[in-house]
Amino acid sequence: MEKREQLYEGKAKKVYATDDPRYVIVSYKDDATAFNGLKKGTIAGKGVINNRVTNYLMAMLEKKGIPTHFVQELNDRETLVKKVQIVPLEVIVRNISAGHFASRYGVEEGIVFENPTIEFSYKCDALDDPLLNEYHALALKLATREEIDIIKALSFQINEELKAFFKAVNVDLVDFKLEFGKTADGEIVLADEISPDTCRFWDSITHEKLDKDRFRRDLGGVEDAYSEMMKRILG
Ligand code: TMP
């Protein structure tokens, strides 16, 4: 497949056309942002780690029957994926209180939930990704009832698979954000990435943070945390 013109540049990735309209190439950058771009920086080697980690996890999920956009890793930073129309919803699944759950509801971090929670944000940088519920998503025509039901079912299934996977490498999956896309034939598939940028990972024993919170909160050791997660995931 031949790489063609750049179609889009986001905060952490670029997307290129290919000579086949069914596929695009994503290219992972080392750029890091937080708080909707207010905080900017670089995490050396992040693009390579997030590319390889995302692909490993998407291939694992495919084997478990979850449809994804993943096609083939092309090199350290670039991956061939199915071209999809991104559903403008950020889906957040939580197993343990942290981040905005803790601040929004005034509770400490680290409360283990009996059941996972799910929430949606409207993927819109200009509005700062506002939280919304399913009725709002339907009113705004961001997705259909059927699509939302599929997205919810897939998200909880993905949570179970990821939780079990990370438990085996001594990591508690605290929470994570997913994005879904619609293929040309209308299938809803997992898209975007699953990486230390988009998940909270805590060491099961020490509870050390091994994710982007080290960057968001200026905790230091950002690169080491990303490398450690790649080592645990890829073996
Ligand atoms: P939150 O606690 O800030 O809502 O974040 C929940 C999870 O979603 C956390 O693992 C980080 C991830 N996330 C993103 O991937 N992108 C975002 O823009 C935000 C706000 C969170």
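The values are calculated or read from the model by the stated rules, or taken from the named source; none is laboratory data. Owing to the predicted nature of the structure, the values given are computational and were not obtained by experimental measurement. Here the Cβ positions follow ideal geometry from the backbone for every residue, glycine too, while neighbour counts run over all protein chains shown.
Going by the conditions given, is Val87 touching an Asp or Glu at 6+ places or on another chain (Cβ under 9 Å), in contact (Cβ under 8 Å) with a residue 40 or more places away in the chain, within 19 Å of Phe120 (Cα to Cα) and more than 14 Å from the ligand (Cβ to nearest atom)?
Working: touching an Asp or Glu at 6+ places or on another chain (Cβ under 9 Å): yes; in contact (Cβ under 8 Å) with a residue 40 or more places away in the chain: yes; within 19 Å of Phe120 (Cα to Cα): yes; more than 14 Å from the ligand (Cβ to nearest atom): yes.
Spelling it out, Val87 is indeed touching an Asp or Glu at 6+ places or on another chain (Cβ under 9 Å), in contact (Cβ under 8 Å) with a residue 40 or more places away in the chain, within 19 Å of Phe120 (Cα to Cα) and more than 14 Å from the ligand (Cβ to nearest atom).
For Glu223, work out the one condition from (1) closer than 23 Å to Glu78 by Cβ; (2) of a type outside the set (Val, Ile, Thr); (3) buried (at least 19 other Cβ atoms within 10 Å of the Cβ) it doesn't fulfil.
For Glu223, the exception is condition (3).
In the range 122-150, which residues are within 15 Å of the ligand (Cβ to nearest atom) and either surrounded by 13 or more Cβ atoms within 10 Å (Cβ to Cβ) or among the charged types (D, E, K, R) (or both)?
Residues satisfying the conditions are Tyr122, Lys123, Cys124, Asp125, Asp128, Asp129, Leu131, Leu132.
Looking at Ile118, is it outside any helix (DSSP H, G or I), free of Cβ contacts under 8 Å to residues at least 40 places away in the same chain, surrounded by 13 or more Cβ atoms within 10 Å (Cβ to Cβ) and touching a strand residue (DSSP E or B) at 6+ places or on another chain (Cβ under 7 Å)? Give the steps one after another, and end with the answer.
Working: outside any helix (DSSP H, G or I): yes; free of Cβ contacts under 8 Å to residues at least 40 places away in the same chain: yes; surrounded by 13 or more Cβ atoms within 10 Å (Cβ to Cβ): yes; touching a strand residue (DSSP E or B) at 6+ places or on another chain (Cβ under 7 Å): yes.
So Ile118 passes the test.
Please go through the range 91-108 and pick out each residue that is buried (at least 19 other Cβ atoms within 10 Å of the Cβ) and within 8 Å of the ligand (Cβ to nearest atom).
Of everything in the range 91-108, those that are buried (at least 19 other Cβ atoms within 10 Å of the Cβ) and within 8 Å of the ligand (Cβ to nearest atom) turn out to be Ile92, Arg94, Ala98, Phe101.
Looking at (1) touching a Phe, Trp or Tyr at 6+ places or on another chain (Cβ under 9 Å); (2) away from the ligand (no atom under 16 Å from the Cβ); (3) not in a loop (DSSP other than H, G, I, E, B); (4) not polar (S, T, N, Q), which one does Asp76 not meet, given that it meets all the others?
(3)
Any idea which of Ile151, Ile194 is modelled with pLDDT of 95 or more, of a type in the set (Val, Ile, Thr) and in a loop (DSSP other than H, G, I, E, B)? Working first, answer last.
Details: Ile151 fails: in a loop (DSSP other than H, G, I, E, B).
Matching residue, one of Ile151, Ile194: Ile194.
Kindly evaluate Thr33 against the criterion of being surrounded by fewer than 18 Cβ atoms within 10 Å (Cβ to Cβ), of a type outside the set (A, V, I, L, M) and outside any helix (DSSP H, G or I). I'd like the intermediate steps shown before the answer.
Details: surrounded by fewer than 18 Cβ atoms within 10 Å (Cβ to Cβ): yes; of a type outside the set (A, V, I, L, M): yes; outside any helix (DSSP H, G or I): yes.
In short, yes.
From the list Lys163, Lys177, exactly one residue is within 16 Å of the ligand (Cβ to nearest atom), touching a strand residue (DSSP E or B) at 6+ places or on another chain (Cβ under 6 Å), part of a helix (DSSP H, G or I) and of a type in the set (D, E, K, R). Which is it? If you could, list the steps in order and put the result at the bottom.
On the way: Lys177 fails: part of a helix (DSSP H, G or I).
Matching residue, one of Lys163, Lys177: Lys163.
Just one of (1) modelled with pLDDT under 95; (2) closer than 30 Å to Gly186 by Cβ trips up Gly37, so point out which.
Evaluating Gly37 over (1) modelled with pLDDT under 95; (2) closer than 30 Å to Gly186 by Cβ leaves (2) as the failure.
Looking at the range 182-224, which of the residues that are within 23 Å of Leu61 (Cα to Cα) and among the aliphatic types (A, V, I, L, M) is farthest from the ligand (Cβ to nearest atom)? Steps first, answer last, please.
Initial filter on the range 182-224 (within 23 Å of Leu61 (Cα to Cα)): 182-204, 210-212.
Still in the running and among the aliphatic types (A, V, I, L, M): 184, 188-191, 194, 210.
Numbers: Ala184: 26, Ile188: 19, Val189: 18, Leu190: 14, Ala191: 13, Ile194: 10, Leu210: 12 Å.
Across the range 182-224, the extreme among qualifying residues is Ala184.
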